Amino acid sequence: MLPLESKRIVLGVTGSIACYKAADLASKLTQLGAEVDVILTSAAEHFIRPLTFQSVTGRRAYVDKDLWGPEGHVLHVKLGKDADLVLVAPATANTLSKLAAGQADNLLTLTILAATAPLMLAPAMDGGMYDHPATQASLETLRTHGASIHGPVSGHLASGLSGMGRMLEPAELAGYARVTLGAGGPLDGRRVLVSAGGTQEPIDPVRVIANRSSGKQGYALAQAALDMGAQVTLVSGPSALSAPTGADVVRVQTAIEMRDAVLAHAAQADILLMAAAVADFRPSNASDKKIKRAGGVPTIELAANPDILKEVSQQANKPAVLVGFAAESNDLLSNAQGKLASKGLDMIVANDVSAQDAGFEVDTNRVILLAKDGSQDELPLLSKYEVARKVLEKALSFLK
Ligand code: C5P
């Protein structure tokens, strides 16, 4: 299952040098499963050809000439009405000004007037043009019409100058598109708290006790919850992954920091998904100076870390649904059953981390969902995103 399956997106591309990034955006949205109908303005056609977009979307890309072709008088209405989302990236000062005034002198502006779907705009232009009162007034008007404006950001500009005006990166725009398309989904109005990644427990200022958790399953849970319309807080241990756009991210290092962050957010959450690999032990006396080899082999004494899930389950104000994860290398089911009961959970997601294609670091997982009601769902090998969707669907069934 792809995240944007059966979603239709009109991607408007207008005449800015950031057009070259629009091809990457079209590709990313297509890879997420969306049907992407690209409309280029005549200025955009100078920068980039429709064929580029057709090649990455597998669908026809439209240009102004199509407005006057055989299907002309209904094309814009059809494109506009069929869309679940209209995204203009890059959006030039000229197009923003036309849209603010309700002008419809080309296929893109006509389509936007005809559309009822949410409108996302990603401005890209030189800094001076962006700052101009006319452009600012257009953006203000468009906001009051309900459009969402994403970017621009500050940095290198094609003029050689540096300043405000760069289009937001395609990955981030795709993230906002997912949040917009997810609104009204099955988790609409729900708050989901996710913990992800492994914790690190300092031995001295340069060394830590860590584990092999990459954060992939937890980040996939956060992204899936956003796609289903939830408000998401992600408490993450150190991870190389970029956080899903739209999630509130709290970064922590140690188990104690993770406990504090999870407890601080748990009372407001409807669902807690505790996917983090929390270190069970920490060095009891971390050295504040680097331990030297000359001092001989050190002995590291350990102290027990708090069990975060257990603490949450004992709170009066706790999420309605508590989900734990059990990564096991042996006796998978009996170990997971034990944790389900001892930690007071509604569900535990059990996986055998000794398999090559499941568990730590890889993009796939094979899990069994064990619920408090005794049900056991053994899922086949799936992407971590697909596992996340299944876990959330099951968690949602407990909420209802
Ligand atoms: O480490 P263990 O197998 O007990 O982890 C099972 C579940 O408990 C996981 O969801 C994990 O995030 C959580 N856990 C926790 N606090 C700990 C250890 C684990 O909340 N100190």
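The values are calculated or read from the model by the stated rules, or taken from the named source; none is laboratory data. These numbers come from a predicted model, not from an experiment. Cβ coordinates were reconstructed from backbone atoms using ideal geometry, including for glycine residues, and neighbour counts include every protein chain displayed. The protein model used for the area step is the full one, side chains on, heavy atoms only, and it has no ligands, DNA or RNA in it. Shrake-Rupley method; radii C 1.70, N 1.55, O 1.52, S 1.80 Å.
LEU273 meets the conditions (1) away from the ligand (no atom under 13 Å from the Cβ); (2) closer than 22 Å to PRO186 by Cβ; (3) not β-branched (Val, Ile, Thr) in every case but one. The failed one is (1). For ASP363, the stated conditions hold: it is under 25 Å from GLN223 (Cα atoms) and modelled with pLDDT under 95. Scanning segment 367-377 for residues that are at negative phi and surrounded by fewer than 17 Cβ atoms within 10 Å (Cβ to Cβ) returns LYS372, ASP373, SER375, GLN376, ASP377.
Among the conditions (1) under 12 Å from LEU107 (Cα atoms); (2) touching a strand residue (DSSP E or B) at 6+ places or on another chain (Cβ under 9 Å), the only one that ARG59 does not satisfy is (1). Of the residues in segment 63-82, none is crowded, with 23+ Cβ neighbours inside 10 Å, of a type outside the set (Ser, Thr, Tyr), in contact with a Phe, Trp or Tyr (Cβ under 8 Å, 6 or more places away or on another chain) and not in a helix (DSSP H, G or I).
Residues in segment 281-294 that are open to solvent by 70 Å² or more (accessible area, probe 1.4 Å) and either away from the ligand (no atom under 16 Å from the Cβ) or within 24 Å of LEU187 (Cα to Cα) (or both): ASN285, ASP288, LYS289, LYS290, LYS292, ARG293, ALA294. The residue that is nearest to ALA326 (Cα to Cα), counting only those in segment 295-306 that are open to solvent by 50 Å² or more (accessible area, probe 1.4 Å) and either part of a loop (DSSP other than H, G, I, E, B) or at pLDDT 95 or above (or both), is ALA304. All conditions but one from (1) without any contact (Cβ under 8 Å) to a residue 40 or more places away in the chain; (2) open to solvent by less than 50 Å² (accessible area, probe 1.4 Å); (3) in contact with a Gly (Cβ under 8 Å, 6 or more places away or on another chain) apply to HIS46; the one that does not is (2). Restrict the check to segment 167-178 and report whether at least one residue is surrounded by fewer than 18 Cβ atoms within 10 Å (Cβ to Cβ), in the same structural domain as ALA23 (by TED's automatic domain parsing), aliphatic (A, V, I, L, M) and not in a loop (DSSP other than H, G, I, E, B). The answer is yes; a qualifying residue exists. When restricted to residues that are part of a helix (DSSP H, G or I), open to solvent by 10 Å² or more (accessible area, probe 1.4 Å) and under 21 Å from GLY198 (Cα atoms), segment 317-350 contains 4. Remark: pairs (first residue in segment 360-373, in the same structural domain as MET274 (by TED's automatic domain parsing) and part of a loop (DSSP other than H, G, I, E, B); second residue open to solvent by 40 Å² or more (accessible area, probe 1.4 Å) and among the basic types (Lys, Arg); Cβ separation under 8 Å; 6+ apart in sequence or on different chains) = PHE360/ARG212; GLU361/ARG212; GLU361/LYS216; VAL362/LYS216; ASP363/LYS216. Yes or no: GLY185 surrounded by fewer than 24 Cβ atoms within 10 Å (Cβ to Cβ) and over 14 Å from the mean Cα position of the chain (by Cα)? So GLY185 passes the test.
On the stretch given as segment 333-359, residues that are touching a residue at least 24 places away in the same chain (Cβ under 8 Å), hydrophobic (A, V, I, L, M, F, W, C), more than 9 Å from the ligand (Cβ to nearest atom) and over 16 Å from GLY215 (Cβ atoms) total 4. Exactly one residue out of ARG259, ARG191, ARG207 is basic (Lys, Arg), in contact (Cβ under 8 Å) with a residue 40 or more places away in the chain and touching a Ser or Thr at 6+ places or on another chain (Cβ under 8 Å): that is ARG191. Within the set ASN330, ASN305, the sole residue that is over 16 Å from ALA395 (Cβ atoms) and more than 8 Å from the ligand (Cβ to nearest atom) turns out to be ASN330.
Scanning segment 143-157 for residues that are within 9 Å of ALA91 (Cβ to Cβ) and either among the small types (Gly, Ala, Ser) or open to solvent by less than 30 Å² (accessible area, probe 1.4 Å) (or both) returns no hits.
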